[in-house]
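Q: Okay, handing you the structure first.
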């Protein structure tokens, strides 16, 4: 029994020494236990009632922000693709417009050349007609002048000869004179 008493007294000394250590630090062991329980309860309430919903909301916000960033990247990619398509379409439209303008210019040049050629032909035709008409008028005037000269020659010859020739002789004399003039 003495060994058992000794163990109990050692335990009491150890408990007493522990209590004395806690007491020397100014800690009441009963109050300390209740404060630990109180702290555990407050930590539990804070964790499940405040921190969990708060972290859930933060995760939801993070997800929303990530989705928004992904959508922004998609929009940016779509914008870049649309801009590239727009630039390509604009370049093609400019090429087509330049082609249309050059084709219109070519057609206008052809039409202008055709109109110039037609106008030249018309002018050449008018000049030919005018030359023919002038030649005809000149020939007619020459015939008139020849006849007038012949008449003058006949009149002068008549006066010189003082005799009037009959119409047959008159015509023969006129034709001979005209032939000699030619």
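Q: Take 90, 25 and order them by how many other Cβ atoms sit within 10 Å, fewest up front. Mind dumping the intermediate values first?
A: Details: 90 10, 25 7.
Fewest to most other Cβ atoms nearby, the residues stand as 25, 90.
Q: How long is the gain from residue 63 to residue 38 if the chain were fully straight, where each residue apart is worth 0.36 nm and the alpha carbon distance is subtracted? Working shown, then result.
A: Working: separation 25, 0.36 × 25 = 9.00 nm, distance 3.56 nm.
That works out to 5.4 nm of additional length.
Q: I've got another one for you. So for 158, 143, fewest C-beta neighbours within 10 Å to most, what's the order?
A: On the way: 158 14, 143 11.
Least crowded to most crowded, the residues run 143, 158.
Q: Mind checking the full-extension length gain between residue 71 and residue 86? Use 0.36 nm per residue of separation minus the Cα-Cα distance, one decimal, nm.
A: Values: separation 15, 0.36 × 15 = 5.40 nm, distance 2.15 nm.
Result for the pair: 3.2 nm of gain on full extension.
Read the figures in this text as sums done on the coordinates, not as results from a lab. Every value quoted in this text rests on a predicted model; they were computed, and no experiment measured them. Note: ideal-geometry Cβ built from the backbone for every residue, glycine included; neighbour counts use all protein chains shown.
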